[in-house]
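Just so it is clear, none of the values below were taken in a lab; they were calculated from the coordinates. These figures come from a predicted structure and were not determined experimentally. We place every Cβ from the backbone using ideal geometry, glycine too, and count neighbours over all the protein chains shown.
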């Protein structure tokens with residue numbers, strides 16, 4: 001893929017997230033793509049599993065927005081650094097909504113091929129997210 005094609009793919013992912021469009025999001029991944037997902041508690045494979053993860057985020061945080069801050073591309077590898085924010089007004093992971101906001105720094109390590117993402121590892125502080133939305137309690141230091 002060319003640099004421009006990868007930039008376009010990453011921009012489409014950002015739009016799909018901000019529109020909370022599960023079908024558009026899942027379509028950016030190869031049929032047998034793999035995501036190493038903290039949300040799923042491990043590795044998931046295939047568009048249906050990827051759509052399920054997206055649905056958990058989109059339904060849990062109906063006002064969620066993502067903003068890419070930088071993109072590094074090296075061959076078929078892309079690193080997107082950005083932030084997500086929203087409010088737990090839909091109930092994340094089938095828990096009752098807390099109506100608390102979150103701000104999450106996130107990095108997507110992606111491998112691309114033939115116009116699609118074939119492997120991805122999102123890196124973010126999942127425990128910190130759960131603390132921000134009030135699902136977990138943290139003892140002050």
Report summary line: The relative contact order of the chain, taking Cα pairs under 8 Å that sit 6 or more residues apart, comes to a percentage of 22
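May I ask for the Rg/Rh ratio of segment 99-141, computed from Cα atoms with Rh as the Kirkwood radius, given to two decimals?
Numbers: Rg = 14.9 Å, Rh = 12.5 Å.
In segment 99-141, Rg relative to Rh is 1.20.
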Report summary line: 1/(1 + (r/R0)^6) with r = Cβ-Cβ of residue 114 and residue 55, R0 = 35 Å, i.e. FRET efficiency to nearest 0.05, evaluates to 0.85
Query - the chain: calculated mean residue ellipticity at 222 nm from DSSP helix runs of at least 4, using -39500 (n - 2.57) - result: -9000 deg cm²/dmol
Requested in this report: Over every pair of different alpha-carbon atoms in the chain, take the mean of 1/r and invert it; report that Kirkwood radius in Å.
Outcome: 15.4
Query raised in the report: Roughly how tilted is helix 3-18, in degrees to the nearest 10 and between 0 and 90, from the longest Cα axis of the chain?
Result: 30
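How large is Rg over Rh for segment 62-141, taking Rg from the Cα atoms and Rh as the Kirkwood inverse mean of 1/r across Cα pairs?
1.07
Among 59-70, 79-90, what's the highest-first ranking by average C-beta atoms within 10 angstrom per residue? If you can, show how the numbers build up before the last one.
Working: 59-70: 15.8, 79-90: 18.2.
Peptide ranking by packing, descending: 79-90, 59-70.
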Report summary line: For segment 1-84, averaging the sequence separation of alpha carbon pairs under 8 Å that lie six or more residues apart and dividing by its residue count, the contact order in percent is 27
Report summary line: Mean Cβ-within-10 Å packing, highest first, puts peptides 2-15, 111-124 in the order 111-124, 2-15
Requested in this report: Measure off 7 Å from each Cα along the Cα-to-Cβ vector at residue 124 and residue 45, then give the distance between these two points in nanometres to one decimal.
Outcome: 2.5
